[in-house]
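Participant: The following block contains the structure, expressed as structure tokens.
The values are calculated or read from the model by the stated rules, or taken from the named source; none is laboratory data. Here the structure is a predicted model, which is why all the values come from computation and not from measurement. Positions of Cβ are backbone-derived with ideal geometry, glycine not excepted, and every protein chain shown enters the neighbour counts. Just the protein is used for accessible areas: all its heavy atoms, side chains included, with ligands, DNA and RNA removed. Shrake-Rupley method; radii C 1.70, N 1.55, O 1.52, S 1.80 Å.
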Amino acid sequence: MLRSAIVGYGALVVGLAAIWAVHYFVIPWTDVYFTSVAIRIGINMLAVMALSLVLGFTGQFSLGHAGFMAIGAYSSGYLALHMGVPPMLATLIGGFAAAIGGLTVGLPSLRLSGDYLAVVTLGFNGIIIVVIQNTKALGAALGMIGLPQATSFGWTFTWLLLGGVFLRNLIRSPHGRMLMAVRDNEIAVRSLGIDTTRAKVTAFVLGAFWAGIAGGLIAFLNASISPAQFSYDRSIELVAMVVLGGTGSMSGPLIAAAVLTALPEVLRPIAQYRMVLYSFVLIVMMLARPQGLMGSRELIDLFSRRKKVAGV
Amino acid sequence: MTVFLQQLINGLSLGAIYALIALGYTMVYGTLQLINFAHGEVYMVGAFVALYLARWTGVVDNPSIPGVALVLLGAMAFCAALGMTIERLAYRPLRKSTRLNILITAIGVSLLLQNLGLLLFGPIDTFPTIVPETQWEPMVGLVIRSNDLITLGVTLSLMLGLRHIVEKTQMGRAMRAVSHSRDTAAMMGIPVDRVISFTFALGSVLAAAAAFLVAMDKHVIKPDMGAMGGLKAFVAAVLGGIGSIPGAVLGGFMLGISETLVSGYLASTYRDAIAFGILIIVLLVRPSGLLGRHTVEKV
């Protein structure tokens, strides 16, 4: 336990050093376009990781994760634009705002399960967008413009690394195992006297927090945000990434996020077929390999010769 | 008072559409316990098939009653085939799979159809006036349009037809048996796969009719019309109690009327939020809906 914790924090320090080294010594000489794609990949990875905690590890089907990204993006954008809060601090506060949103949505709706939960979260996503569209202070349907462009390569991947370490540690903790148990057999877990609603709400709130952070990073990416960016399509995109990568794997969805974000850039000429391709792959995947690319395995398992104990 | 009556008429007409689509959701949910997310897209395809049929057969240029009937029936037949194909190719192979997987597949099918529609049909199209439109003003400020009467008339006759099929025919009895318990029905020798296929066809026929009525009235059709339309109809089905046929009708009309009343008296910009608000309240207070059966999750 102690050893794995030290490895975790060691990796964190090394990772941070590497990210900022790249930020200061590589990025200034890199093509702007390439950097922007890398940043978008990082943001999508963070959002997908947030959903992966809810959908992949806890088995709760949220179809409204873009709504939490919207809360994060708009609250951090508002703080930075009208109150002069530094953008990255605003992003953090935006994450907390999204977490509160997650609590508000999660508390009542997590009593439901499966398809009903999917539709309720979808509904909340819709309501959040409608409210933003009708709020003058948030720029209504036109969106918020003139935001500081503070989302750099370094910050994006710092947040991603923090999120990754957090999720990894959570999953390996007793709390994380409880979440996975809820996913695998909720009735069995409840019969052990565990409050499954509480466990699900916790996962939901944490998932919303990291989605909010991803939203904040989007807010400070292109100096403007609009409600349409956080619609149902975005939520579906995130679900597709998690499902394709593998529900119950951490690295699988991250790989899927990277590939599916980069793919349309590579295949510019067929950009209009992007959504057709997504949906087609989604169906084929469900029919042929419903557990996703990685299933519940991790990237590292593919390289280590040591057989892992099932479920760890 | 006239405002109220006017919104009531508008609401009945809108509610009829929701009810027709909601019936498809509720029947499929009854037999498969699946939210058929692709149902809204079947509805969208119905509108475009009707448009292209009207163009190819020349009904656009010289509308006639048989011509209009041909367009409507053609769209219904096409959608029935589409619904059965979706079930056969995408849902049947996953019959034994977890519900999450089937749900994701359904979302995939819905997205696929919507985006294929965008590629094939373009972002927007205009449905010509093939049904003559008139209106009456029995009171000052109260307008009754012929389209509203046609919508209500077609909807009511389809509902009576559906009632006959479900209550009086062999296939209807099989449908009810499958929705009661699929396994028991199979043991009694009911061809479950065929019944499910028929259910999809029936739901799709109603969706096509709804699409025709909307296209005839609004004249604007888009490949994404099924997303919001389908979602609201689904809300109507949940409101009435998913799995319950009278529930879907009741839910459809209630949703339609409350939407028009809200946009008439309050702000129309919040119109789309009404459906979701209702959905959330229903699910929290009475998840089985107004007329639904309450089921307990068992091990």
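Participant: Mind checking whether some residue in the range B:135-149 is surrounded by 14 or more Cβ atoms within 10 Å (Cβ to Cβ) and in contact with a Phe, Trp or Tyr (Cβ under 6 Å, 6 or more places away or on another chain)?
Facilitator: Within the range B:135-149, one or more residues are surrounded by 14 or more Cβ atoms within 10 Å (Cβ to Cβ) and in contact with a Phe, Trp or Tyr (Cβ under 6 Å, 6 or more places away or on another chain).
A quick yes/no check of all residues on (1) surrounded by fewer than 24 Cβ atoms within 10 Å (Cβ to Cβ); (2) part of a helix (DSSP H, G or I):
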site	(1), (2)
B:Asn10	yes, yes
B:Ile35	no, no
B:Gly40	no, yes
B:Val60	yes, no
B:Leu70	yes, yes
B:Gly74	yes, yes
B:Arg88	yes, yes
B:Thr105	no, yes
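Participant: What tally of residues in the range B:237-250 results from selecting those that are open to solvent by 30 Å² or more (accessible area, probe 1.4 Å) and either small (Gly, Ala, Ser) or facing chain A (nearest Cβ under 10 Å) (or both)?
Facilitator: Residues flagged as open to solvent by 30 Å² or more (accessible area, probe 1.4 Å) and either small (Gly, Ala, Ser) or facing chain A (nearest Cβ under 10 Å) (or both) within the range B:237-250 amount to 1.
Participant: In the set A:Ser62, A:Ser52, which member is buried (at least 24 other Cβ atoms within 10 Å of the Cβ), in a loop (DSSP other than H, G, I, E, B) and out of contact with any Cys (no Cβ under 6 Å at 6 or more places or on another chain)?
Facilitator: A:Ser62
Participant: Can you pull out every residue in the range A:251-271 that is of a type outside the set (A, V, I, L, M) and surrounded by 12 or more Cβ atoms within 10 Å (Cβ to Cβ)?
Facilitator: A:Ser251, A:Gly252, A:Pro253, A:Thr261, A:Pro264, A:Glu265 - these are the residues of the range A:251-271 that are of a type outside the set (A, V, I, L, M) and surrounded by 12 or more Cβ atoms within 10 Å (Cβ to Cβ).
Participant: Given the conditions (1) in contact with a Gly (Cβ under 6 Å, 6 or more places away or on another chain); (2) within 21 Å of B:Ala211 (Cβ to Cβ); (3) open to solvent by 50 Å² or more (accessible area, probe 1.4 Å), report the number of the one that B:Arg99 does not fulfil.
Facilitator: (2)
Participant: Checking A:Leu92 against (1) in contact with a helix residue (DSSP H, G or I) (Cβ under 6 Å, 6 or more places away or on another chain); (2) over 18 Å from B:Ile104 (Cβ atoms); (3) open to solvent by less than 60 Å² (accessible area, probe 1.4 Å); (4) touching a residue at least 24 places away in the same chain (Cβ under 8 Å), which test does it fail?
Facilitator: Status for A:Leu92: all satisfied but (1).
Participant: Is the range A:158-181 home to any residue that is closer than 22 Å to A:Ser75 by Cα and surrounded by fewer than 21 Cβ atoms within 10 Å (Cβ to Cβ)?
Facilitator: For the range A:158-181, residues closer than 22 Å to A:Ser75 by Cα and surrounded by fewer than 21 Cβ atoms within 10 Å (Cβ to Cβ): present.
Participant: Quick check on the range A:95-116. Is at least one of its residues touching a Phe, Trp or Tyr at 6+ places or on another chain (Cβ under 9 Å), free of Cβ contacts under 8 Å to residues at least 24 places away in the same chain and of a type in the set (Ser, Thr, Tyr)?
Facilitator: Checked against the condition, which is being touching a Phe, Trp or Tyr at 6+ places or on another chain (Cβ under 9 Å), free of Cβ contacts under 8 Å to residues at least 24 places away in the same chain and of a type in the set (Ser, Thr, Tyr), the range A:95-116 yields at least one hit.
Participant: Could you tell me whether A:Leu206 is in a helix (DSSP H, G or I), open to solvent by less than 10 Å² (accessible area, probe 1.4 Å) and touching a residue at least 40 places away in the same chain (Cβ under 8 Å)?
Facilitator: no
Participant: Moving on. Quick check on the range A:106-137: of everything there that is charged (D, E, K, R) and touching a helix residue (DSSP H, G or I) at 6+ places or on another chain (Cβ under 8 Å), which residue is nearest to the other protein chains (Cβ to nearest Cβ)?
Facilitator: Out of the qualifying residues, it is A:Asp115.
Participant: Would you pick out the residues in the range B:260-274 that are among the aliphatic types (A, V, I, L, M) and either open to solvent by 40 Å² or more (accessible area, probe 1.4 Å) or farther than 16 Å from B:Gly15 by Cα (or both)?
Facilitator: Selection gives B:Leu261, B:Leu266, B:Ala267, B:Ala273.
Participant: If you take the residues in the range A:106-143 that are polar (S, T, N, Q) and not in a helix (DSSP H, G or I), which one is surrounded by the most Cβ atoms within 10 Å (Cβ to Cβ)?
Facilitator: Filtering the range A:106-143 for residues that are polar (S, T, N, Q) and not in a helix (DSSP H, G or I), the one surrounded by the most Cβ atoms within 10 Å (Cβ to Cβ) comes out as A:Ser113.
Participant: How many residues are surrounded by fewer than 18 Cβ atoms within 10 Å (Cβ to Cβ) and within 14 Å of chain B (Cβ to nearest Cβ) when one looks only at the range A:96-105?
Facilitator: Residues that pass the stated criteria total 1.
Participant: Return yes when A:Arg234 is farther than 23 Å from A:Thr35 by Cβ and in a helix (DSSP H, G or I) and no when it is not.
Facilitator: The answer is no for A:Arg234.
Participant: Yes or no: B:Val28 β-branched (Val, Ile, Thr), touching a residue at least 60 places away in the same chain (Cβ under 8 Å) and in contact with a Ser or Thr (Cβ under 7 Å, 6 or more places away or on another chain)?
Facilitator: yes
Participant: Sort through B:Phe234, B:Phe212, B:Phe253 and tell me the only one that's more than 14 Å from chain A (Cβ to nearest Cβ), surrounded by 24 or more Cβ atoms within 10 Å (Cβ to Cβ) and in contact (Cβ under 8 Å) with a residue 60 or more places away in the chain.
Facilitator: B:Phe212
Participant: Inside the range B:112-157, can you point out the residues that are within 20 Å of A:Tyr273 (Cβ to Cβ) and not polar (S, T, N, Q)?
Facilitator: B:Leu112, B:Leu113, B:Leu116, B:Gly117, B:Leu118, B:Leu119, B:Leu120, B:Phe121, B:Gly122, B:Pro123, B:Ile124, listed by residue number.
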